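Single-structure report; data block below.
The values are calculated or read from the model by the stated rules, or taken from the named source; none is laboratory data. A quick note: this is a predicted structure, and the numbers were derived from the prediction, not measured. Note: ideal-geometry Cβ built from the backbone for every residue, glycine included; neighbour counts use all protein chains shown. What goes into the accessible areas is simple: the full protein's heavy atoms, side chains included, and nothing from ligands, DNA or RNA. Shrake-Rupley method; radii C 1.70, N 1.55, O 1.52, S 1.80 Å.
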Amino acid sequence: MNGLSSSDLALMECAASAPMLDQVRRWAAVNSGSRNLAGLATVAAMLADAFSVLPGDVRLIEPEEVAAINSEGKPELLPHGKHLLLSVRRDAPVRLLLTGHMDTVFPFDHAFQTVRWIDDGTLNGPGVADMKGGLAVMLAALQAAETSPTFALVGYDVVINSDEELGSASSARLIAETARGKIAALTYEPALPDGTLAGARAGSGNFSIVVTGRSAHAGRNPDDGRNALVAAADIALRLKAGGGPGLACNPARIDGGGPNNVVPDKAILRVNFRPQTTSAEELAHQLIRRSVADVSRLHDVKVTVHGGFGRPPKPMDANALPLFNLVKQCGADLGLPIEWRDTGGVCDGNNIAACGVPVVDTMGVRGGAIHSDGEYLMVESLAERAQLSALTMLRIAQGRL
């Protein structure tokens, strides 16, 4: 480790010695799929107990109400778990935001439920990398930082939400409110296996487009019908064709239809856009409006659009670069090469950056195969990433950002 003082080295030893592996194994053994409210409540209680070792009060926050369009084209309230909020030294002159999520993509009845060793240094299990490993790293880093007198100048909020894998609709306001006034933010999504960070991120928008036509007998009087399924497919093709460099479009599903002898009068198109810039996001809106207008006229159907862009694009700009460079320098001091690259994936870092707060959002463990039953955590990264976070927070406290 280069350029580290004796107090820095003590801080690093503290970060590395935290019981992170045991925590990950216990937390990952509880299914906390985004819709598994019982599992989320159990994990939230476990996390509240673990984070209570830090100064400040741990609270569980009720989720915002969120409605989605169901398979019949009607809005329906969706259940969400509570979110964890810890606030420390609210009046400190320098304040940070740290975020993570407790939910995974694996529902309560998914076959992937247990943690096992792949080899001596690799742990396989639901959420071990994304992101219960990251939560353990965050806690270890904060505990270590709290041992430094310098860190007493820093206040921070910790938000651990229950719906990140769903787009954070029920926690978006909480994240925006806690981001206000922060000098920087760290989010604990997993890094790539080699430690590479996510730099710029595309945005993401999800839309449900409801098409209402007119039913008729498919054999006796089909021309009296207005086929909603065909119209929805036409919209899907137009949206896909309208994408391109800087604006990816994925028509993902059409709900609707029925018996072969009935012209379908209802269809719901589900589509996702990934704009790389805010101008590309506006192009997507224009594409949707134009496609809907043309198809409505051509097919004589009624079309309503629901949804929007829940994840704004996150550029690598002048606001973000100093924090990335600080993390890179801290990595160099620890003997860890730190690089970053652009990605089409999205996370809460998108929303934090949109609040004007610089954020590095892959401060979690090294791992891979996330969102699959091959998900793995590289165990040695627990200590190294806890040290990286602790040193970054200490350097911020020292005014180096």
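For the range 69-125, which trypsin sites (Lys or Arg not before Pro) are both in a DSSP coil and crowded by at most 12 other Cβ atoms within 10 Å? Sparse-neighbourhood loop trypsin sites (Lys or Arg not before Pro): Arg90. Applying the Karplus relation 6.51 cos²θ - 1.76 cosθ + 1.60 with θ = phi - 60° to the range 77-91 yields 3J(HN,Hα) values of 5, 10, x, 9, x, 6, 10, 9, 9, 10, 10, 10, 6, 4, 9 Hz, where x marks Gly and Pro.
Please identify which residues in the range 181-215 have an amide N closer than 15 Å to a label point set 7 Å out from the Cα of Asp317, following the Cα→Cβ vector. Those under the cut-off are 200-203. Long hydrophobic helices in the chain: the complete DSSP H runs spanning 24 Å or more by Cα along their own axis with mean Kyte-Doolittle hydropathy of at least -1.0 are 278-299, 380-397. Kirkwood hydrodynamic radius computed over the chain comes to 22.4 Å, based on all pairs of distinct alpha carbons. Summed over the residues of the range 30-116 and divided among them, the accessible surface reaches 50 Å² per residue at a probe radius of 1.4 Å.
Solvent-accessible surface (1.4 Å probe) assigned to Lys240 amounts to roughly 120 Å². Between Val357, Cys249, Val24, the Cα set farthest toward the positive side of the dipole of the chain (charges on each charged residue's Cβ, about the Cα centre) is that of Cys249. With the simple model of a label 7 Å out from the Cα in the direction of the Cβ, Arg253 to Asp91 spans 5.1 nm.
What shape does the range 1-118 take by its C-alpha gyration tensor, where a ≥ b ≥ c are the square roots of the eigenvalues and a/c under 1.5 counts as rounded, a/b above b/c as prolate, and the rest as oblate? It comes out oblate by the Cα gyration axes. Given the -39500 (n - 2.57) contribution per DSSP H run of 4+ residues, what per-residue ellipticity at 222 nm results for the chain, rounded to the nearest 500 deg cm²/dmol? One gets -10500 deg cm²/dmol as the mean residue ellipticity at 222 nm. Among the trypsin sites (Lys or Arg not before Pro) in the range 305-401, those located in a DSSP loop and surrounded by at most 12 other Cβ atoms within 10 Å of their own Cβ are Arg400. Bridge orientation summary for the chain: considering DSSP beta bridges with both residues in this region, about 75 percent are antiparallel. Residues whose amide H comes within less than 5 Å of that of Arg311, counting only those at least five positions distant or on another chain, are Ser204 (H built at 1.01 Å from N in the peptide plane). Candidate cross-link partners of Lys132 among the lysines, defined by an alpha-carbon separation under 30 Å and a same-chain spacing of 8 or more, comprise Lys82, Lys182, Lys314, Lys328. Among the protein heavy atoms of the chain, carbon and sulfur supply 52% of the accessible surface, probe 1.4 Å, non-protein parts ignored. Partner lysines whose Cα lies under 30 Å from the Cα of Lys266, excluding those fewer than 8 positions away in the same chain, are identified as Lys74, Lys240, Lys302. Pairs of Cα atoms nearer than 8 Å and 6+ residues apart set the relative contact order; for the range 20-88 it is 31 percent.
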